[in-house]
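A short write-up of the structure that comes next.
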Amino acid sequence: MKRIRDRFLHVCKQLPSYTERVWFAPLVAFLAFLDFFIFIVPLDPIVVGAFLAGPKKRFRVAWMTALGSTLGAVGFALLIRHQGMDFLNAFAPGMLENEWAQTLGAWIRDYGFWALAGSAAVPIYQHPAVALAALSPLPLIWIFWGMILGRAIKFTAYAFLTQHARGGMERWFRE
């Protein structure tokens, strides 16, 4: 356990030197964009780690991440609109075949923009919501605005919470 803690502390000490660089926020935004096309980007831990390491630019990182994620969602929605269900089934088989996706589909059908914005604001897997919105008659511009609103709320909340949690974490690691 001590070895893991020491390694974690080493990475945490190095991370602030990167978070203050000009390219850091666009890099996190690009990872947020990629998250919609490859499912292996652990975006939330990356963003929270960035917030903890770089307190001066946490809100800039939050808003750029929201924009990158939104652009990725719109790109994903465009792909689904142009390629249809065959593409979606090849890309992520069974994504829309569970009870949760059916409920989410009903919300998007009934509430459109607001359902998409609400799902974008919570820390859940976003691909089904974007896919269902793309398959619905919801205009692409409303997909953009729903995602940007929800993601801005989510990442700004993360930035605010990490701003207040940082002191507690520093005390925990000093022990």
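The values are calculated or read from the model by the stated rules, or taken from the named source; none is laboratory data. Quick caveat, the model's predicted, so the values are computed rather than measured. Methodologically, a virtual Cβ is constructed for each residue, glycine included, from the backbone with ideal geometry; neighbour enumeration extends over all protein chains shown.
For region 128-142, enumerate the residues that are in contact (Cβ under 8 Å) with a residue 60 or more places away in the chain and surrounded by fewer than 22 Cβ atoms within 10 Å (Cβ to Cβ). Break it down into steps so the answer makes sense when it comes.
Initially, region 128-142 is screened for residues in contact (Cβ under 8 Å) with a residue 60 or more places away in the chain, giving 130, 140.
Listed by number, the list holds a single entry, Leu140.
Among the candidates Thr103, Thr156, which residue alone is assigned to a helix (DSSP H, G or I), modelled with pLDDT under 90 and among the β-branched types (Val, Ile, Thr)?
Thr103
With the requirement that a residue be surrounded by fewer than 24 Cβ atoms within 10 Å (Cβ to Cβ) and within 22 Å of Trp142 (Cα to Cα), what does region 37-75 give you?
Within region 37-75, Phe37, Trp63, Met64, Leu67, Leu71, Val74, Gly75 meet the criteria.
Kindly indicate whether Thr103 is of a type outside the set (Gly, Ala, Ser) and surrounded by 13 or more Cβ atoms within 10 Å (Cβ to Cβ). Write out each step before concluding.
Working: of a type outside the set (Gly, Ala, Ser): yes; surrounded by 13 or more Cβ atoms within 10 Å (Cβ to Cβ): no.
Judged against the criteria, Thr103 is not a match.
Could you tell me which numbered condition Thr65 fails, if it satisfies all but one of (1) under 24 Å from Leu88 (Cβ atoms); (2) touching a residue at least 24 places away in the same chain (Cβ under 8 Å)?
So Thr65 meets the others, but not (1).
Of the numbered conditions (1) more than 22 Å from Ala32 (Cβ to Cβ); (2) out of contact with any Leu (no Cβ under 8 Å at 6 or more places or on another chain), Val122 satisfies every one except a single condition; which is it?
(1)
Please specify each residue of region 106-127 satisfying the condition of being closer than 28 Å to Tyr158 by Cβ, touching a residue at least 24 places away in the same chain (Cβ under 8 Å), part of a helix (DSSP H, G or I) and not small (Gly, Ala, Ser).
Within region 106-127, Ile108, Phe113, Trp114, Leu116, His127 qualify.
Examine region 104-111 for a residue that is closer than 21 Å to Phe37 by Cβ and under 14 Å from the mean Cα position of the chain (by Cα), and state whether such a residue exists.
The answer is no, given that none of the residues of region 104-111 is closer than 21 Å to Phe37 by Cβ and under 14 Å from the mean Cα position of the chain (by Cα).
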